[in-house]
Protein chains: 4
Amino acid sequence: MKQHWILTLSCPDRPGIVHAVAGMLAEHGGNITESQQFGDPASGLFFMRVQVESAASHEELSAAVTDIAARFGMTWQLDTVGRRVRTLVMVSKAAHCLVDLLYRERSQNMPIEVVGVVGNHTDLADIAAFYGKPFHHVPVTATTKAEAEARLRELVKELDVELVVLARYMQILSDELCRDLSGRIINIHHSFLPSFKGAQPYRQAHERGVKIIGATSHYVTGDLDEGPIIEQDVERVDHSRDVSDLVAIGEDVERRTLARAVRWHAEHRVLLDGHRTVVFR
Amino acid sequence: MKQHWILTLSCPDRPGIVHAVAGMLAEHGGNITESQQFGDPASGLFFMRVQVESAASHEELSAAVTDIAARFGMTWQLDTVGRRVRTLVMVSKAAHCLVDLLYRERSQNMPIEVVGVVGNHTDLADIAAFYGKPFHHVPVTATTKAEAEARLRELVKELDVELVVLARYMQILSDELCRDLSGRIINIHHSFLPSFKGAQPYRQAHERGVKIIGATSHYVTGDLDEGPIIEQDVERVDHSRDVSDLVAIGEDVERRTLARAVRWHAEHRVLLDGHRTVVFR
Amino acid sequence: MKQHWILTLSCPDRPGIVHAVAGMLAEHGGNITESQQFGDPASGLFFMRVQVESAASHEELSAAVTDIAARFGMTWQLDTVGRRVRTLVMVSKAAHCLVDLLYRERSQNMPIEVVGVVGNHTDLADIAAFYGKPFHHVPVTATTKAEAEARLRELVKELDVELVVLARYMQILSDELCRDLSGRIINIHHSFLPSFKGAQPYRQAHERGVKIIGATSHYVTGDLDEGPIIEQDVERVDHSRDVSDLVAIGEDVERRTLARAVRWHAEHRVLLDGHRTVVFR
Amino acid sequence: MKQHWILTLSCPDRPGIVHAVAGMLAEHGGNITESQQFGDPASGLFFMRVQVESAASHEELSAAVTDIAARFGMTWQLDTVGRRVRTLVMVSKAAHCLVDLLYRERSQNMPIEVVGVVGNHTDLADIAAFYGKPFHHVPVTATTKAEAEARLRELVKELDVELVVLARYMQILSDELCRDLSGRIINIHHSFLPSFKGAQPYRQAHERGVKIIGATSHYVTGDLDEGPIIEQDVERVDHSRDVSDLVAIGEDVERRTLARAVRWHAEHRVLLDGHRTVVFR
């Protein structure tokens, strides 16, 4: 019985990588159905994502990749197509991103399994309940922040969480937590970064009189609003829109930008290239 | 014989403005063909642009508008539809914006008359010549900057220039000149402002790993890259694009963004609302 | 106490309309906050939408508009800003448009009140229930079509429905029903009309190898897929997308296209100009 | 001395293709800098484009590819990166696409060499002259059509033309000529195909009241407006735009859509998959 695999890898660029990988897959009866490569002249790194059908077991393939990886100094990951990534969604009061993710999980086969929703407020508990998701109320105040993060770490561990999505979660995580979950937390920032970092980006955008607003989905690092960008999108506005209009228009941009970033991450289409990303769409 | 007029005005918002203006136009046999209004709650200002067919003379209409303007404290302008605004285009070495403006003047009825091209280099003299435009070489060095600006002022006066377009002119104008030509100089900045102000925005954009690049056309004020934005546009890019690709892709965005801003200005569709713009498209 | 009114009107174009309307509003102490006009040279019709604050009663304003309307041969409508239009949503099995409309009604102040959901299948009853909306199962077969339409007419009457939204309702309504509800039914067609009329537009699009797919929201007339277009939007695709990908990508385009059309209709921004629409955004 | 090669190929899909190609390239000291593959489940065909640096000669590489091609039943092409494709541009009276292509050839390193411009009118002879291109006036009337095509065939032969671009050339070519130049003629159609085939698409679009207009660049086949689509793009319009506005707005869409298609073709990024295209951007 053949299975459908996704292999992603990166390593210092040099001749022979594709040949070695393709050869190894051919030896395991693999039929490549999708493959993308990119060599970044700036970083000197090579990136590859390949989907392959093969009857080999996970152990066999892993062992074979391990061999090649040693030769080329590769970082790699092997997964099956369509496996649902265990995801924890963190929210505050704004519903649009949560509603959208839960809808897409259920109806659009986005390959995530939302294993829990964490809110620092309880406003969105009913939405989580409607979709049959456990809701964890973890309030955050100046004095309970450390405690809240400890609870979050527990949940990540207990629920075997692979991906944390900040779906308009309005709290700033500690540097340490960001580091520990590096490459596994995705945030949606409600501006077209690097424009309008920080608080109230739509108010800033209105004051500056921009003609297009946007949203940015990025990995979270300790450096606020500076993490590697996964996806951005925009919408045209004009002088007649006030701040609340921008907020409403922005909701649509935010939710679709976040949804794409989460989907691409879950499909192993996003690879880190320093503080930039390679996205094999 | 009826003529087709454009009246633009702004004033503190209060009841009765539209009625007064529409009444005055009706008294002069005016038939309104296009009209737009906007009241900005933030600034408390009211803006109006109206196109009207009327057999009245410029003197008659001007006098009538002057009356109303006194009552409401209006700033206003009266022009005829399609009159070509006398325009001076300033360039350095990059051709794309100049080629585009000259093409649109000739073939697309953009209501400008390019009365001269100023270059601090001579690279684009042949393009100006092909379109039959006088080319003025005004070199700029650290020591000749004042002299160059004096020459520019002369040209503006001699050629009766109404609008100066910085079509990728890579020099910074003095505060004084910016002030004197306030509301009459349009620049194209090769980034999606306020992202990537200053030099080499495409290099900055590449380093930050953005997924969309843009351009911004704005009025020039003494405050570099901070003038009121008229138009912005964007293009999607991905990880495989290097800086030179971004530059090439950006050229298309720049030229169309600048062309729209110049057209709307020349059609009196852009009104200043503090450091923001109202654009009646 | 002032109220915020929306007046929309259309009539044969001729001088004096704006002046007459603005004068009438001024007489009733009206302060115009937003106003748009358009004269269509092709049809010879004039269209106007004005938002005005006034302390006058509905009766007073209606009487005053009636007077002017008689003089100019106007079709007109007077409503208050923000009043929720009583809306019936019709669905089959696809959830995306329904979920989106209900979400926007609740969270984004879209000025509709969904007074009921009609489904020819029961798949979406749980979503209606979650949002507290009565769900009416009205199955349709070849033999029960007349009966189903009779039931629909009853619901429109009982629930005092002002707007019917076909949110991916996969049944074709009779000519007679379309005529009777003319200007009050909005459909979302899952193609960029007039491309790919009829069934399975995404399959058609895939076969034709288009590089952009789209959706079209339009008023329903007896002439299938030919009603006046309110809004269209698109998304870029490439060769690697199969039909099911197009369907999933299309869902996002459909729901935002439909949401805009419904919002604009409910805000009285859409006026009919023959089989075209004037949309005052 | 290493050269930079582009190899494109397609063949029936089956395991081992990538491995065989990568192996062959590795044997010739090749370093893959860019590579894309696509297997189309619908047609059962596999497509690949690979850029590779190698010191091997054209003969050596060709011989090696010929071997593999025989095994897999491949259609293939081998070229060097940046080689300029000999291009003949055909025009009538509209200048925008010609101006744009000539500008991009000179300033943006589009890898084409325009070896001649053919016009059935002489309006654009001066633009050709400005860019130093021979202009051939080949008038077409009902009675001289055969003669005109004979002249065109001569030019294609004499000038060793690899690509013919119909840059708003308003004449219909014979089926026979289309067949003979199959895969080597690119047209720009001024509508979002398959909407508004045939004449005056902007007039049709205006009458239908669409909210978005577009352009389509496609290979020309005997079947008018039905050839494989290479690229499409769109622009938003509203009710206030008349037919001449749509024409002017459309010019921008047409020229950028055509420019992308020509560039991708010249960079060997477009492969035929039946009457669809695979575009490796």
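The values are calculated or read from the model by the stated rules, or taken from the named source; none is laboratory data. The model shown is predicted, which means the values in this text are computed figures rather than measured ones. Here Cβ is always computed from backbone atoms with ideal geometry, including for glycine, and neighbour counts include all displayed protein chains. Accessible surface areas use protein heavy atoms only, side chains included; no ligands, DNA or RNA. Shrake-Rupley method; radii C 1.70, N 1.55, O 1.52, S 1.80 Å.
A few points about this structure:
- Per principal axis, descending, Cα span of the stretch A:186-237 in whole Å: 30, 19, 12
- Of all beta bridges that DSSP places with both ends in the protein assembly as shown, some 70 percent have antiparallel geometry.
- When A:R179, C:R86 are compared by accessible area at a 1.4 angstrom probe, the order from most to least is A:R179, C:R86.
- Between B:S107 and A:E59, the modelled label-to-label distance comes to 6.8 nm, taking each label 7 Å out from Cα in the direction of the beta carbon.
- Residue-level accessible surface for D:H121, protein heavy atoms, 1.4 Å, Å²: 70 Å²
- Charge dipole (debye, nearest 20) of chain D; +1 at Cβ of Lys and Arg, -1 at Cβ of Asp and Glu: 300 debye
- Three-way shape call for the stretch B:52-107 based on the alpha-carbon gyration tensor, with the a/c threshold at 1.5: prolate
- Summing Cβ point charges (Lys, Arg +1; Asp, Glu -1) relative to the Cα centre of the protein assembly as shown gives a dipole of roughly 0 debye.
- C:G44 label point (Cα plus 7 Å toward Cβ) to equivalent points in the other copies: 4.8, 6.3, 7.7 nm, shortest first.
- When +1 charges are put on Lys and Arg Cβ atoms and -1 charges on Asp and Glu Cβ atoms, the dipole computed for the stretch C:1-156 relative to its Cα centre reaches about 280 debye.
- In terms of the mean number of neighbouring beta-carbon atoms within 10 Å, the peptides B:264-273, A:37-46 order highest first as B:264-273, A:37-46.
- Beta carbon of chain C nearest to the axis of the rotation taking C to A, residue and angstrom distance: C:F130, 2
- C:Y103 accessible area, 1.4 Å probe, all protein chains in place, Å² to nearest 10: 10 Å²
- Other-copy label distances relative to B:A146, 7 angstrom Cα-Cβ extension, nm: 6.3, 7.9, 9.5
- In chain C, helical runs assigned H by DSSP with n ≥ 4 each contribute -39500 (n - 2.57); averaged across all residues and rounded to the nearest 500, the mean residue ellipticity at 222 nm is -10500 deg cm²/dmol.
- Surrounding net charge for A:V161, when Lys and Arg each add one and Asp and Glu each subtract one, Cβ distance under 9 Å: 0
- Label point 7 Å beyond Cα along the C-beta direction, distances from A:E226 to other copies (nm, shortest first): 2.3, 5.9, 6.2
- Shielding by partners - mean other protein chain Cβ count within 10 Å, residues of B:26-35: 5
- Note on B:93-103: average number of Cβ atoms from other chains within 10 Å of each residue's Cβ is 2.
- Note on C:E154 and B:H121: their simple-model spin labels are 7.9 nm apart, each label 7 Å out from Cα toward Cβ.
- Among the trypsin sites (Lys or Arg not before Pro) in the stretch A:1-83, those located in a DSSP loop and surrounded by at most 16 other Cβ atoms within 10 Å of their own Cβ are A:K2, A:R83.
- The mean number of partner chain beta-carbon atoms within 10 angstrom of a residue's beta-carbon across peptide B:188-201 is 2.
- 10 Å beta-carbon shell around B:T33, net charge (K/R +1, D/E -1): -3
- When both the stretch C:36-90 and the stretch D:93-141 are represented by their alpha-carbon centers, they are found 53 Å apart.
- A Förster distance of 25 Å, applied to the separation of the beta-carbon atoms of B:I172 and D:F130, puts the FRET efficiency at 0.20.
- Neighbours of C:D126 by Cβ distance under 13 Å: Lys/Arg scored +1, Asp/Glu scored -1, total +2.
- Fraction of beta bridges assigned by DSSP in chain D that are antiparallel (%, nearest 5): 70 percent
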